[in-house]
């Protein structure tokens with residue numbers, strides 16, 4: 001499942017990297033999806049590490065999204081805030097890995113994959 005999500009994120013990165021700059025402003029509707037994806041990445045960063053993963057994979061995915069999208073400072077701040085909100089929302093309620101944490105990981109992995117695919121299909125060139 002993680003491979004599918006990473007593949008979707010890679011596809012999304014390529015699609016966004018090849019989108020003409022002028023058309024990005026006209027494609028503002030995908031911003032809400034990218035903000036949600038940012039929140040999911042933050043949630044996964046916290047939860048996956050809580051449940052035994054010892055990496056920065058999800059933070060690195062967020063950095064890739066930011067590099068690829070290259071948003072203006074105000075939008076970049078919103079993306080970072082969404083990532084941090086996702087992280088903090090689970091940090092506030094989970095101090096140990098539980099079955100519900102695994103359930104949340106599974107749901108967020110699925111939603112992240114679907115969002116990545118949807119953005120690439122709807123807004124890619």
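Please treat every number below as a calculation from the coordinates, not as lab data. The model shown is predicted, which means the values in this text are computed figures rather than measured ones. Cβ placement follows ideal geometry from the backbone for every residue including glycine, while neighbour counts extend to all protein chains displayed.
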Item to complete: Let me know the Rg and Dmax you get for region 53-111 when you use only its Cα atoms, in Å.
Response: 13.3, 39
Worksheet item: Using a simple spin-label model with points 7 Å from Cα along the Cα→Cβ vector, what separation in nm is obtained for residue 102 and residue 59?
Response: 2.6
